[in-house]
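Let me begin by presenting the structure, written as structure tokens, before commenting on it.
Every number in this text was worked out from the coordinates using simple rules, so none of it is lab data. The structure presented is a predicted model; accordingly, all values stated were derived computationally and were not measured. Here the Cβ positions follow ideal geometry from the backbone for every residue, glycine too, while neighbour counts run over all protein chains shown.
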Amino acid sequence: MNIIDQIIFNYSNNKSLYIGEKVTMSEHMIQTAMLAEKTNCSSNLVCSSLLHDYGHFILENPDHLVAKDKDGKHEDVGYSYLEKYFIKDVLGPIKYHVKAKKYLAREKKYYELLSEASKVSLKLQGGVMSNEEAKKFERNKFFENSIKLRKFDEIAKKSDLKIKSINDYKNLLISKLI
Ligand SMILES: [Fe+2]
């Protein structure tokens, strides 16, 4: 199976719930992409948003990891897997979206907005970022897009939304292959 068919197969068949939330992992990622589209983000960022949690399809059941107090590093797992197929501008925000969460959570207001599940995973991900690390992250080429992605990520958990099909993104996915 080629990578595009593999992705479409996974989104269509994986019904696991997004950790601690009411939507499936696939619905969550599609909603994230829809938010990027709605705010007129670049097609690269729409594609990053669509694929940002792909690592969860590869990892062992994320609920089990959380139960064992483990962080599966899904951002790195997804990045390493997708790196063989997609362009760098799509991959960057995928790799850094957890860093963006750690960065944003420095603000008390943002931290309080996080869902309970998100607060639990933040802890497993090493907690809030230090000021030194934050300064370094601000210089990262993918800083802005990673922050945008992470903001969409946090709100893409609505269970009553009409969402697109993964097939609607087939051409976009094809256009971002190496
Ligand atoms: Fe996510």
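Of ALA134, LEU50, ILE87, whose Cα points farthest to the positive end of the dipole of the chain (charges on the beta-carbon: +1 Lys, Arg; -1 Asp, Glu; origin at the Cα centre)?
Result: ALA134, furthest along the dipole toward the positive end.
With each label point set 7 Å from Cα along the Cα-Cβ vector, what nm distance links LYS22 and SER80?
It is 3.6 nm.
Between LYS135 and LYS109, how many nm apart are label points set 7 Å from Cα along the C-beta direction?
That separation, rounded to one decimal, is 2.4 nm.
How big, in percent, is the set of alpha carbon pairs in the range 1-140 lying more than 25 Å apart?
Tail fraction, whole percent: 26.
Could you please state, rounded to a whole Å, how far the C-alpha centre of the range 138-178 is from the C-alpha centre of the range 2-60?
Centre-to-centre (Cα) distance: 7 Å.
I'd like to compare 163-169, 109-115: which one has the highest average count of other Cβ atoms within 10 Å, and what's the full order after that?
So the peptides 163-169, 109-115, ranked by packing, come out 163-169, 109-115.
So what's the range 84-178 giving for Cα Rg divided by 2.2 N^0.38 Å, two decimals?
This ratio for the range 84-178 stands at 1.22.
Run the reach check for LYS109 against aspartates and glutamates, Cα to Cα strictly under 15 Å, same-chain hits fewer than 8 apart removed. What comes back?
Partners within reach: GLU154.
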